[in-house]
Amino acid sequence: MKKVITYGTFDLIHRGHINILKRAKELGDYLIVAVSSDEFNELKGKKSYYTFEERKYILESIKYVDQVIKEDNWEQKISDVTKYNADVFVMGDDWKDKFDFLKEYCEVVYLTRTENISTTKIKNDLKNV
Ligand code: C2G
């Protein structure tokens with residue numbers, strides 16, 4: 001079984017998130033999503049609208065997602081890839097080259113980001129409603 005892993009905040013789920021989850025799943029048979037904890041989000045300088053539990057609950061309902069784990073820090077990726085036997089690591093290409101250190105542990109794939117949609121855009125657009 002070919003296992004794929006990806007990481008993110010996934011706040012206010014939108015088609016950009018769905019597109020990457022769909023394409024990540026197409027690269028294997030089993031998709032693990034490591035969703036950022038509220039504490040790690042703060043480290044990333046992000047304040048998500050939905051709590052970790054809500055974002056996890058929503059992700060678990062998406063048909064492309066087989067398992068959701070918590071992302072607590074920047075350093076856990078190597079141990080996650082090993083612990084979960086991930087064959088492929090996937091991120092949007094806004095992260096291009098940033099995770100190439102994983103190449104000795106698994107395949108590293110950066111997929112094109114979906115244009116004109118982001119959690120920030122949603123929040124800003126709603127402010128101007
Ligand atoms: N994404 C995308 N297209 C968009 C928006 C997001 O393809 N329009 C992708 C991102 O490239 C990322 C994933 O969706 O691969 C999740 O995006 P975010 O929730 O913004 O996650 P991020 O803050 O980039 O956190 O350790 C890695 C970090 O946790 C990544």
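The values are calculated or read from the model by the stated rules, or taken from the named source; none is laboratory data. Please read all numbers here as calculations on a predicted model, not as lab measurements. Heads up, the Cβs are rebuilt from the backbone with ideal geometry, glycines too, and the neighbour counts pull from every protein chain shown. Heavy atoms of the whole protein, side chains included, go into the accessibility calculation; ligands, DNA and RNA do not. Shrake-Rupley method; radii C 1.70, N 1.55, O 1.52, S 1.80 Å.
Modelled spin labels at Leu43 and Asp93, positioned 7 Å past Cα toward Cβ, are 2.8 nm from each other.
Note on the chain: Cα Rg divided by 2.2 N^0.38 Å, N the number of residues, gives 1.02. Placing a label point 7 Å from the Cα of Val129 along the Cα-to-Cβ line, the residues of the stretch 1-25 whose backbone N sits under 15 Å from it are 12-13. Where only DSSP H runs of four or more residues are counted, the chain gives -9000 deg cm²/dmol as its mean residue ellipticity at 222 nm, each run worth -39500 (n - 2.57). Rolling a 1.4 Å probe across the protein heavy atoms gives the chain an accessible surface of 57 Å² per residue.
As a length-normalised measure over Cα pairs under 8 Å and 6 or more apart, the relative contact order of the stretch 1-117 settles at 32 percent.
Roughly speaking, what % of Cα-Cα pairs in the stretch 29-82 are separated by over 12 Å, rounded to a whole number? List each step's numbers first, then the result.
Numbers: 928 of 1431 pairs.
That fraction is 65 percent.
Computed packing ranks the peptides 61-71, 94-104 as 61-71, 94-104, most packed first, by mean other Cβ atoms within 10 Å.
Once the stretch 1-62 is represented by equal point scatterers at the alpha-carbon sites, with solvent omitted, what log10 I(q)/I(0) does the Debye formula produce at q = 0.21 Å⁻¹? Debye intensities relative to I(0), on a log10 scale: -0.82.
Taking every lysine pair in the stretch 1-57 that is 8 or more places apart or spans two chains, those with Cα atoms closer than 18 Å amount to 9. Projected label points at Ile78 and Ile117, each 7 Å from Cα along the beta carbon direction, are separated by 3.6 nanometres. Converting phi to 3J(HN,Hα) with the Karplus coefficients 6.51, -1.76 and 1.60 and the offset θ = phi - 60°, the stretch 48-65 yields 7, 5, 8, 5, 3, 4, 5, 5, 5, 4, 5, 4, 5, 8, 7, 5, 7, 9 Hz in sequence order, with x at every glycine or proline. Neighbours of Phe52, meaning other residues whose beta-carbon lies under 15 angstrom from its beta-carbon, give a summed charge of -3 when Lys and Arg score +1 and Asp and Glu score -1.
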